[in-house]
1. Please go through the range A:237-281 and pick out each residue that is touching a His at 6+ places or on another chain (Cβ under 9 Å) and surrounded by fewer than 19 Cβ atoms within 10 Å (Cβ to Cβ).
2. Quick test for you: out of B:29, B:43, B:38, B:78, pick the one residue that is facing chain A (nearest Cβ under 10 Å), hydrophobic (A, V, I, L, M, F, W, C) and within 18 Å of the chain's Cα centre (by Cα).
3. Is it true that residue A:415 is hydroxyl-bearing (Ser, Thr, Tyr) and at pLDDT 95 or above?
4. Kindly establish whether residue A:183 is in contact with a helix residue (DSSP H, G or I) (Cβ under 7 Å, 6 or more places away or on another chain), assigned to a loop (DSSP other than H, G, I, E, B) and within 27 Å of residue A:519 (Cβ to Cβ).
5. Counting just the residues of the range A:24-61 that are among the basic types (Lys, Arg) and in contact with a helix residue (DSSP H, G or I) (Cβ under 9 Å, 6 or more places away or on another chain), which one comes out farthest from residue A:516 (Cα to Cα)?
6. Can you tell me which residues in the range A:106-146 are surrounded by fewer than 22 Cβ atoms within 10 Å (Cβ to Cβ) and of a type in the set (S, T, N, Q)?
7. Tell me which helices (runs of 4 or more DSSP H) are completely within the range A:212-286 and hold 1 or more residues being within 21 Å of residue A:433 (Cβ to Cβ), or say none if there are none.
8. Taking the range A:510-541 as the region of interest, how many residues are charged (D, E, K, R), surrounded by 13 or more Cβ atoms within 10 Å (Cβ to Cβ) and not in a loop (DSSP other than H, G, I, E, B)?
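The values are calculated or read from the model by the stated rules, or taken from the named source; none is laboratory data. No experiment lies behind these values; they were computed from the predicted model shown. Heads up, the Cβs are rebuilt from the backbone with ideal geometry, glycines too, and the neighbour counts pull from every protein chain shown.
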Amino acid sequence: MGAKAGSSPPVVPPPASSATSFFPSINGLKLKTKQQELLIRVSILALVYVLAFAIRLFSVLRYESMIHEFDPYFNYRTTLFLTEKGFYEFWNWFDFESWYPLGRIIGGTLYPGLMVTAALIYWTLRFLRFAVHIREVCVLTAPFFASNTTIVAYFFGKEIWDSGAGLVAAALIAICPGYISRSVAGSYDNEGVAIFALLLTFYLFVKAVNTGSLAWALASAFGYFYMVSAWGGYVFIINLVPLYVLVLLVTGRYSMRLYIAYNCMYVLGMLLAMQIRFVGFQHVQSGEHMAAMGVFFLLQVFYFLDWVKFTLNDPKLFYSFLRIALTCAISVGSLALGVGMATGYISPWTGRFYSLLDPTYAKDHIPIIASVSEHQPTAWSSFMFDFHILLFLFPAGLYFCFKRLSDATIFIVMYGLTSMYFAGVMVRLILVAAPAVCLISSIAVSATLKNLTMLIRAKNNATPMGSSKGTASLKASAKASSFDQPLPYQRNVAIALLLGAFYLLSRYAIHCTWVTSEAYSSPSIVLAARGAHGGRVIFDDYREAYFWLRKNTPADAKIMSWWDYGYQITAMGNRTVIVDNNTWNNTHIATVGRAMSSYEDEAYDIMKSLDVDYVLVVFGGVTGYSSDDINKFLWMVRIGGGVFSVIKEPEYLVNGEYRVDKGAAPKMLNCLMYKLCYYRFGEVTTEYGKPPGYDRARGVEIGNKDVKLEYLEEAFTTSNWIIRIYKVKPPKNRW
Amino acid sequence: MAKSTSSDVLTLIHSLRSAYAATPTNLKIIDLYVVFAIATAVIQVVYMGIVGSFPFNSFLSGVLSCVGTAVLAVCLRIQVNKENKEFKDLPPERAFADFVLCNLVLHLVIMNFLG
């Protein structure tokens, strides 16, 4: 160190001189204003790109790089299959390992966009000789596409308003919690890619309407194809775009560009969409897609009449022609629609989407849709949690949009309003509203900041300018001075407001980071808690149980569990399951629900008929984990009772209350689910000062501590009792 | 009433004919192509009505290829028409190139869908 210090003085002067000569060279570059602006824009976008990726990495840093939750495990398993067996096998895959004994046609019942995207990234990286594992690619696909979404948001903002709004939109959507919730690293789900495809399709369509070019319309058709391949929410696009066209027609803002854009996108988009097997012929047969077709025909009639009016140049003649043409068109159209709906050829709106129009429908008619926690109506706190300041910037942005109405702003206003309505109906759809809210808020932020900074930068022209520059500047300065004169502290107020705006935006950034870190970065498959001394305790029971299944059961064993865990069991445990998260067969799920809610001997008959070898239940009584099967039990009863009338929900309740302690209903105390969860639990002391058999998740001492199993035996219980696996005994010998 | 409507219709047809005769030849060629495509689509629908729609994807691909190319031709006509003020900056070669590209994509997808 001393030698270095000794040698440094003679070394210092040359670097200093080169440093001083370096700085003038940067100033000597003399960037023009346009180039400076470009540099600023590109660097901001680059930073936003990196930010969007980095903020989603909390769980990878805290736990490990693994796939979260339930649905992503299915996507991971199919991606693995695709990379191992190739596209042809994937496209024609029939899976016999789930929904035993029915099987599932995976090739025809999934949206392949996500898997194909991840596989392409994987093959590209492999081609460049990066030795990555497909799991790493899957985990990081969603953050990568979130970064790409910010770039698309920039271009979209630029199209709607100007590049300043685009930059703000990119920054807002990079950290918006509503979007982060479904696109953290590890959340390998369709929405991670679908929101990118949604925004891209909308941007390309608005660009096509603005320019009237067939090439942009073709690009938007491809964007729509990518969206259809990625997510079932494409129905939103195929209904919003026709609605937008209708609004433009009704308000008289239509033009030839609209005709070109919509027609090209509709025909090519529909054809491309029908290549996905899961979508099939829905674009011509399903009621949810009929609006697009109706608007297509309406557009042909409308523009044909417009052309005839233009060619004829004679109003009276045109009116008679109009009468004839309109009566023909309306009669043919309504006849076709009526026949289609009456014969049932055009199917009505299906349950999932119908419950968006009528939120009470699912609760009464389809309990399996009502039971999903993401399908519940949204509370105000969720809106505040997911949007923060964007909630009040949204109406402000709407105001600015209405001030400067154009084709593009009308579109974003419609997107914002419809998506906010649907976000109010179902929590999951806050995700679809997030880009619209970010874009509209960015308009408000950008316009406000622009006005404020213009006020600050305006030179003091209390005295009118000299007429050296001519009348135009005199008029402008007269106008400006007429605004300037009455506000004495204008500049100071503008600075104060600007500081306030910066404060709000910085609070937004802090809130988003906090929300991501606390609420949206948990893998759900690994649980963490604070121990007695404040240290972190990790519960890795799920993976422990699945690994046990993988290693200690025969390869053709069939596992019965509630449908939540099906995907994870097939992906990690590599065993056949009876029902899984796809929930396509309600009767099969009801059979499992019936088995779980019956007495042990009735359940044994059902399990024997399904060839069940092992039963898996999730139990949170020892750890206080509240998403376990006992808390989900009433849904099993409702779904089972919906198909088999032998299961009656009131038999499990006491005075309408759901209890597991001494006062619980006798059917509840002796059903299979109760027995499997609380077997040997009566001997366990869970908390200091409480009796043995104290259930920490329900907060009561259980009613039936002496559980005896006749037809099953305990195979495995994980270290924190979260997962319990039981083996079904073979039938007794008949003497 | 019937007489006036029939005479109305006759004058209508006459004026439409005379107005149409004034359109330039290239637009008339495009219109002929559109009529041909729609006629082919109608023939296919009638055939489906007689024979049944069993390979539905084949029927759909046939009809949609006709409707699609008709619609794209109409878009080309709009972009090439000198009377449209919005498109006066667009060179007709670019419009035709877009038309060819879109038709190429359309027919590639149709060939995949034909089954």
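1. The answer is A:239, and nothing else.
2. Just a single option satisfies the conditions, and that option is B:78.
3. When the stated conditions are applied, residue A:415 passes them.
4. yes
5. Selected residue: A:41.
6. Correct list: A:109, A:124.
7. A:214-230, A:234-251
8. Here the count works out to 1.
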